[in-house]
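Encoded as structure tokens, the structure appears first; notes follow it.
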Amino acid sequence: MGKTGSMRNTHQRGIAIGPILFVVAILAVLASAIAAGSGSFNGDTSVVKAKAQATAILEYAHEVKFAVDRVLGKGCTDTEISFENPVVGGYINPNSPSDKSCHVFDVNGGGIVWKGPPAQIDLSSVPLGYRNYIFSGDSNHLGPYIPGTTSTDLVIKLSGLSSNICNEIMNLGGGAGPAVGHVTLDKFTGNYGSWDGRNYQFGCSNLTVPNDGTAGLPLGLHHFHYVLHRR
């Protein structure tokens, strides 16, 4: 009787331990799979981040363009457009009406709010006063390039991007063409420059020529360029 009971208890313990060992084995397999795939996961993460940042940049450029089109539709001339905002100075346009109907960042004008670049982007290589979107009237479009033209346009720019973000911008935008390799970052206050450069409607590329603006940008930076209003 005692021997039979002992055998029964041993059998029951074997039945109870079996599922536990099975679960432990499954967990071990999962842990091995996660460890094996961690390298590729990290690589994919960097690509996902670059794409998300590129998307945010392009979406904001589109948003600003819609606001510019909105104030132009209200009857504002392009030289009356103001990018004055409560965050970054240097954009007061003396040509703008006092009712702010031509202010891009005002409810009476374009109706949008000022936004900075995505917080995760490292802009430490850019001079302190230019680590933001720049609204400028000192670059002319390409589309197609006309030799000898000096008709500059209203643009949004962002310098200091990584090559990965730049590449994603081009991929998302359908490869419209590289931005100019020669950059000025003078803020738009109602006046256009006269620089004869070779820009596209939008693009992103490596800065290869020293700029003649006030920023003193070092070579090697990647630069985003998007035309808000083409004259």
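The values are calculated or read from the model by the stated rules, or taken from the named source; none is laboratory data. Remember, predicted model here, so these are calculated numbers, not experimental data. Glycine also receives a Cβ, built like all others from the backbone with ideal geometry; neighbour counts cover every protein chain displayed. Remember, those area values only see protein heavy atoms, side chains included, never the ligands or the DNA or RNA. Shrake-Rupley method; radii C 1.70, N 1.55, O 1.52, S 1.80 Å.
Please count how many residues of region 92-115 are surrounded by fewer than 20 Cβ atoms within 10 Å (Cβ to Cβ), on the phi < 0 side of the Ramachandran plot and in contact (Cβ under 8 Å) with a residue 40 or more places away in the chain.
The number of residues fulfilling the criteria is 6.
Of everything in region 68-82, what is open to solvent by less than 60 Å² (accessible area, probe 1.4 Å) and charged (D, E, K, R)? Give them in sequence order.
Hits for region 68-82 are D78, E80.
What is the one condition in (1) within 23 Å of H223 (Cα to Cα); (2) surrounded by 13 or more Cβ atoms within 10 Å (Cβ to Cβ); (3) polar (S, T, N, Q) that S124 does not satisfy?
Single failed check for S124: (2).
Any chance you could count how many residues in region 172-204 are under 13 Å from the mean Cα position of the chain (by Cα) and modelled with pLDDT of 85 or more?
Total satisfying the criteria: 1.
Could you list all residues from region 100-126 that are modelled with pLDDT under 95 and among the aliphatic types (A, V, I, L, M)?
Result: A119, I121, L123, V126.
Out of G148, G129, report the one residue that is at pLDDT below 85 and assigned to a helix (DSSP H, G or I).
Answer to the check: G129.
May I ask you to list the residues in region 66-89 that are part of a loop (DSSP other than H, G, I, E, B), touching an Asp or Glu at 6+ places or on another chain (Cβ under 9 Å) and not acidic (D, E)?
Once the filter is applied, which keeps residues that are part of a loop (DSSP other than H, G, I, E, B), touching an Asp or Glu at 6+ places or on another chain (Cβ under 9 Å) and not acidic (D, E), region 66-89 yields only N85.
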